[in-house]
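The values are calculated or read from the model by the stated rules, or taken from the named source; none is laboratory data. Remember, predicted model here, so these are calculated numbers, not experimental data. All Cβ positions, glycine included, derive from the backbone under ideal geometry; neighbour counts span all protein chains shown. In case anyone asks, the SASA skips ligands and DNA or RNA and just uses the protein heavy atoms, side chains included. Shrake-Rupley method; radii C 1.70, N 1.55, O 1.52, S 1.80 Å.
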Amino acid sequence: MRDAEEFDALYAACAGRVVGHVYALTGNRAEAEDAVAEAFMRAWQRWRTVRETDSPEAWVRRVASRIAVSSWRKAFNRVRAHRRAAVGQGVPGLSEDHVALLQALQRLSANERRAVVLHHLNDLSVAEVAAEMQAPVGTVKTYLARGRRAMAGLLTDAHQEETSHG
């Protein structure tokens, strides 16, 4: 019974954060939810091992990210076609700034996007990001610097286009 209670507590504490993380990586909420559900299922199947890790949440987040990226690669053309069809359709609850942020994140390399999301949206330290990405701290700092620089340009360009059309 203790296993189920511990697992339920982990799920309650972090499922929303992990979905938000994967959504920021993929830009697709349904895929994010599916990937996180799959990751929690795998965590439950390996619970005795997962609960002994330094951070079960990081384990779930890492697995969910891998599942989503794999799924995203397989369905890239389908998703791109869907996004084209959805252009101009408003999504309730999403501000223009939120949409611009997600679009800018999608333009980054996978490593830059992951580092930016983990550090800025999940509030992990650079050292924690490095551990999760299994990369040296210096490499993560480079990803963050490049990602921020690219996003600043993308978000500035988006703002300038918006003000010139408005």
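Multiplying the residue separation of Asp123 and Asp97 by 0.36 nm and removing their Cα-Cα distance gives an extension gain of 7.4 nm.
Probe radius 1.4 Å, ligands and nucleic acids ignored: give me the carbon and sulfur share of the accessible area of segment 1-71 as a rounded percent. That share works out to 50 percent.
The Cβ shell under 14 Å around Arg51 holds other residues with a net charge of -3, Lys and Arg each +1, Asp and Glu each -1. Of the peptides 45-52, 12-19, the ranking by mean beta-carbon count within 10 Å, highest at the top, reads 12-19, 45-52. Ordering of 108-119, 137-148 by packing is 108-119, 137-148, highest average first (other Cβ atoms within 10 Å, averaged per residue).
First select every other residue whose beta carbon is under 14 angstrom from the beta carbon of Arg62; then total the charges, Lys and Arg +1, Asp and Glu -1.
Net local charge, Arg62 excluded: +1.
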